[in-house]
């Protein structure tokens, strides 16, 4: 498989991450609220940590992972990131994401993740998608529920964050759930 393609929605463009995105990523992660629930980053953000992370992401093979910059189409501005970690043997993937605080509450993450879901099931022909978030991340919970993910359980103290262990909610979406969600959103299969 070659590099993952660009995805588009009404308001957003999801394009593969680039090395030139580093400065903007550091700027956005400068908000404590943005890094609060991120597994691999803490506040205050360390620019060197972002640099190493981005170099690692850019070096990943596309059959294992895709990272997209979420771009506001009107402003042509990076406002967040979404990822899809792939497990080809089991025909599944796991979605991750974060968004600039000034764009919260506008339905943009739901819009972005819906495009990743489409791509995952319609083009990559996955059987299952996973989505996890730390307990207390109400915004991520709402995104999962709006999109039709099913709550499957909780990893008790599943992630270590800021010196302590945090519980993690686990959501899943099967291909059949995706077809139901498409009908709910008024999309023809």
- Message: Go through (1) surrounded by 18 or more Cβ atoms within 10 Å (Cβ to Cβ); (2) free of Cβ contacts under 8 Å to residues at least 12 places away in the same chain; (3) over 29 Å from residue 6 (Cα atoms) for residue 156 and report which single condition fails.
- Response: (1)
- Note on the structure: Picked from region 18-33 (must be exposed (fewer than 14 other Cβ atoms within 10 Å of the Cβ) and within 17 Å of the chain's Cα centre (by Cα)), the residue modelled with the lowest pLDDT is 33
- Query: Which condition number in (1) part of a loop (DSSP other than H, G, I, E, B); (2) touching a strand residue (DSSP E or B) at 6+ places or on another chain (Cβ under 8 Å); (3) modelled with pLDDT of 95 or more is the one that residue 116 fails?
  - Reply: (1)
- Query: Is there a residue being loosely packed, with under 13 Cβ neighbours inside 10 Å and within 24 Å of residue 18 (Cβ to Cβ) anywhere in region 83-99?
  - Reply: no
- Within region 174-184, can one find any residue that is more than 26 Å from residue 64 (Cα to Cα), in contact with a strand residue (DSSP E or B) (Cβ under 8 Å, 6 or more places away or on another chain) and surrounded by fewer than 16 Cβ atoms within 10 Å (Cβ to Cβ)? no
- Within the bounds of region 37-44, is there any residue that is touching a residue at least 40 places away in the same chain (Cβ under 8 Å) and under 19 Å from residue 106 (Cβ atoms)? yes
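The values are calculated or read from the model by the stated rules, or taken from the named source; none is laboratory data. All values derive from a computational prediction rather than experimental measurement. Here the Cβ is made from the backbone with ideal geometry for all residues, glycine too, and neighbour counts use every protein chain on show.
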